[in-house]
């Protein structure tokens, strides 16, 4: 269970920083810095750089991702930006444009 | 996510603006601005330092900033609140600590006043984000000292905030909660419309 | 409240000037001016106080205009219509009460929160 949830009709314009799981269903513009898992759910729109332990993208993401452990792009996801993580999973059906850096 | 509710968790901090059409529960910290067509709950232990425009507000934590609530404001026993409140209904429990100006009359005027004040000051959250994204990203401690930009701006800001809906001067700096000008014999000075018509003798 | 040590201002009585004392005071009528009590002030529903008010404890159910300072506690009950500045260590406002003005209490903010940069 995520401790922080940004609901589908919510827009956050700014920075979210936290040390607990974060689930985004709505819109986030700015920056996300998380110590834990960050999940951009299907239907979510994120225009922000994301930093987290594990980052899962199911929605639309424009921004750079730095995952300390793992980045996963799910089938319906759309990501534009650079990905940096030791492990990266891009599912069949995911759209991705950007550089990949797995050398952490 | 069965219940339609946004939660800012205990270990999470948002700097900037949150707006939307669902309930928001803050358990962590929010600095900036909150605008909702629904309810805001500031839980015990939470800190909200923001101008707030919502339908209803329930506070058991700390809130610093000006609030407009079109339905109601409820300050529970553990609430610590500084700033102006505009709402047709205000409930304050014993134990709640509050300092500020209350307006239960013209909510729209108060809302316009808060909006113009917010427009006049630099968008707090965005500035901070821009600054911080230049620095190497680190997870800041939960209750970090406010960024320098905000502190400086606050120092430059005037100490007084014109009463909501009252006389306005060209406000620039961030809204600071009202200081209390000691109006000698404030009787009638703040009398609302309903008070005026009942002056007849018994 | 119905102690024999209680002073009543009846509903057909108006007092203009200064009211001070150590007895509890219940206002069903009208007071204009200044009220300074070392005891409990109750403004009943229908009662009107247009005055600078100081009391140990204040219970407001009627119409009050003026700064009200209570040494111990202040309660604005549902039927009250109050305008002015309220000051007390503990203030209660019931649902339904009408209030306009300022509230002044000591607010202890947690570390890292200052009223200046909201």
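Every number here is computed from the coordinates shown, using simple stated rules; none is lab data. What you see is a predicted model, and the numbers here were worked out from it, not measured in a lab. As a convention, Cβ positions derive from the backbone with ideal geometry for all residues, glycine included, and neighbour counts pool all protein chains shown.
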Q: Evaluate the Debye formula for the stretch C:8-97 with equal point scatterers sitting on the alpha carbons, no solvent, and hand back log10 of I(q)/I(0) at q = 0.16, 0.19, 0.22 Å⁻¹, in q order, two decimals.
A: -0.50, -0.72, -1.00
Q. Using a Förster distance of 41 Å, how high is the FRET efficiency between residue C:45 and residue A:80, based on the Cβ-Cβ distance and rounded to 0.05?
A. 0.05
**Q.** Sites residue C:111 and residue C:18, calculated FRET efficiency, Cβ-Cβ separation with R0 56 Å, nearest 0.05
**A.** 0.80
Q) Which of the peptides C:52-63, A:15-26 is most tightly packed, and how do the rest follow, going by the mean number of other Cβ atoms within 10 Å of each residue? A) A:15-26, C:52-63
Q: List the residues of the stretch C:25-47 whose backbone N lies under 16 Å from a point placed 7 Å from the Cα of residue B:94 along the Cα-to-Cβ direction.
A: C:40-42
Q.
I'd like the mean, over residues of B:18-30, of how many other protein chain beta carbons sit within 10 Å of each residue's own Cβ.
A. 5
Q | Two-site FRET efficiency, residue C:72 against residue B:112, from Cβ-Cβ distance with R₀ of 35 Å, rounded to 0.05 | A | 0.35
Q | Debye log10 I(q)/I(0) for the stretch A:4-91, one point scatterer per Cα, at q = 0.16 Å⁻¹ | A | -0.48
Q.
Could you check the spin-label model distance between residue A:11 and residue A:97? Points 7 Å from the Cα along Cα→Cβ, value in nm.
A. 2.3
